[in-house]
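The values are calculated or read from the model by the stated rules, or taken from the named source; none is laboratory data. Note that the structure is predicted; figures quoted are calculated from it, not measured. Ideal geometry is used to build each Cβ from the backbone, glycine not excepted, and the neighbour counts take in all protein chains shown. Side chains included, ligands, DNA and RNA excluded: accessible areas come from the protein's heavy atoms. Shrake-Rupley method; radii C 1.70, N 1.55, O 1.52, S 1.80 Å.
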Amino acid sequence: MVHFVGAGPGAKDLISVRGANLLQQADVIVYAGSLVNPQLLEYAKKDALIYNSASMTLEEVIAVMEEAEQRGAMTVRLHTGDPSIYGAIKEQMEELEQRHIAYELCPGISSFCGAAASLGIEYTLPDVSQSVIITRMEGRTAVPKSESIESFAAHQATMVLFLSSGMLEELAKRLIAGGYAPDTPAAICYKATWPDEKKILCTVQTLAERAREEGIQKTALILVGNVVAAKEFRRSDLYHPDFTTEFRVGRNEQGKEKIEKADERKRRTRKEI
Ligand code: SAH
């Protein structure tokens, strides 16, 4: 059996309990060495065989898994963050299927969640943004034309950019061309949750300059949108005293239960908040 495991954003204890258990049991570990914190390997058994996939091809990774499978060994393929985001796991799963090798996926905390925690922000604030767009600048991997930075910028929603910190002049130009004001709040989060993490608050316009000053070219996320430095937002309905939900009856300012017609209450409690 092969387990694809999300290592989390960096800190050793930000892997899931299930992920850590799997690492402890693994006979073979193939980890994405360019981004996974090596401290995660401290979970491994003393005699586990450990491979760094940074210098391996897909074929070589699959050969290691296949060999392990033949001798009944368990493999963990350790990917940074959550494996479903820019993890290149589909190609591995297909190869395993062709070889009739069973696999399972164990999710992880994506770096974009780690970055929000480090920066102390909420991506979805009422009246500011209720959507998070996860995307990247085109690099050697093409991005479909219909997913241009400009087209996403037009929404002025919260945007998280992976794999783009080496192209910030161009990114800023395209964000502004698409509709973000140049002074829209932005942040650069380098190695979120690692010991040498850096967090930089700036604006769309100053992204490239700030990254240059801090010497950041990779292993960073770019966060864009008013949620990054929101001063004004509306409090949630969910925790508002007046608001009736499936679990709580709303009360008015005098502390009296709000009387609602039965059908009205039903409608409100069903509403997704
Ligand atoms: N599956 C991963 C993303 C892999 S793509 C996840 O869910 O996080 C690699 C890119 O992720 C990097 O170029 C960088 O943009 C981002 N990244 C990964 N770990 C990071 C971290 N700890 N801090 C900031 N960015 C990170």
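Worth pointing out:
- Taking amide H as placed 1.01 Å from N in the peptide plane, Met74 has its amide H under 5 Å from the amide H of Asp27, Val28, each at least 5 places away in sequence or on another chain.
- Solvent exposure, largest accessible area first (probe 1.4 Å, DNA, RNA and ligands not counted), of Asp183, Asp82: Asp183, Asp82
- Dividing the summed -39500 (n - 2.57) terms of all DSSP H runs of n ≥ 4 by the residue count of the chain sets its mean residue ellipticity at 222 nm at -7500 deg cm²/dmol.
- Mean Cα-pair separation over length for the range 131-228, i.e. relative contact order, pairs under 8 Å, 6 or more apart, %: 32
- GluC sites (Glu not before Pro), loop per DSSP, at most 10 other Cβ atoms within 10 Å - longest free stretch of the chain: 1-231
- Dipole magnitude (debye, nearest 20) for the range 1-136, charges at Cβ of Lys, Arg, Asp, Glu: 300
- Greater than 20 Å apart at Cα, pairs in Lys12/Lys90; Lys198/Lys231; Lys12/Lys46; Lys12/Lys198; Lys90/Lys198; Lys12/Lys45: Lys12/Lys90; Lys198/Lys231; Lys90/Lys198
- GNM flexibility winner over the chain from Ile134, Ile15, Ile188 (Cα, springs under 10 Å): Ile134
- Considering only Met56, Gly250, Leu163, and ranking their Cα positions along the charge dipole of the chain that arises from unit charges at the beta-carbon of Lys, Arg, Asp and Glu, the one farthest toward the positive end is Gly250.
- The residues His79, His155, His100, sorted by heavy-atom accessible surface at 1.4 Å with ligands and nucleic acids left out, run His100, His155, His79 from largest to smallest.
- Inter-part distance where the range 99-114 and the range 239-253 are each reduced to a Cα centre, Å: 39
- Among the trypsin sites (Lys or Arg not before Pro) within the range 18-81, those in coil by DSSP and having at most 10 neighbouring Cβ atoms inside 10 Å are Lys46, Arg71.
- Across the range 109-124, rounded Karplus estimates of 3J(HN,Hα) from the backbone phi angles (6.51 cos²θ - 1.76 cosθ + 1.60, θ = phi - 60°) give 7, 5, 4, 6, 6, x, 5, 4, 5, 5, 7, x, 10, 10, 5, 10 Hz, Gly and Pro being marked x.
- Dipole in debye (nearest 20) - the chain, about Cα centre, beta carbon charges: Lys, Arg +1; Asp, Glu -1: 940
- With Cα atoms as the point set, the radius of gyration and Dmax of the range 44-131 evaluate to 17.3, 57 Å.
- Relative contact order for the chain, counting Cα pairs under 8 Å that sit 6 or more residues apart, in percent: 17
- Gain in span if fully extended, Leu238 to Glu66, counting 0.36 nm per residue against the direct Cα distance: 56.9 nm
- Among Tyr239, Tyr86, the order of accessible area from largest down is Tyr239, Tyr86, computed with a 1.4 Å probe on protein heavy atoms.
- When a 1.4 Å probe is rolled over the protein heavy atoms, the share of accessible surface on the range 1-54 that falls to carbon and sulfur comes to 50 percent.
- With Cα atoms defining each centre, the range 155-182 and the range 19-85 are spaced 34 Å apart in the structure.
- The chain: C-alpha pair distances exceeding 27 Å, %: 51
- Loop sites in the range 102-169: trypsin sites (Lys or Arg not before Pro), DSSP, at most 16 other Cβ within 10 Å: Arg140
- Considering only the chain, percent of DSSP beta bridges that pair antiparallel, nearest 5: 45
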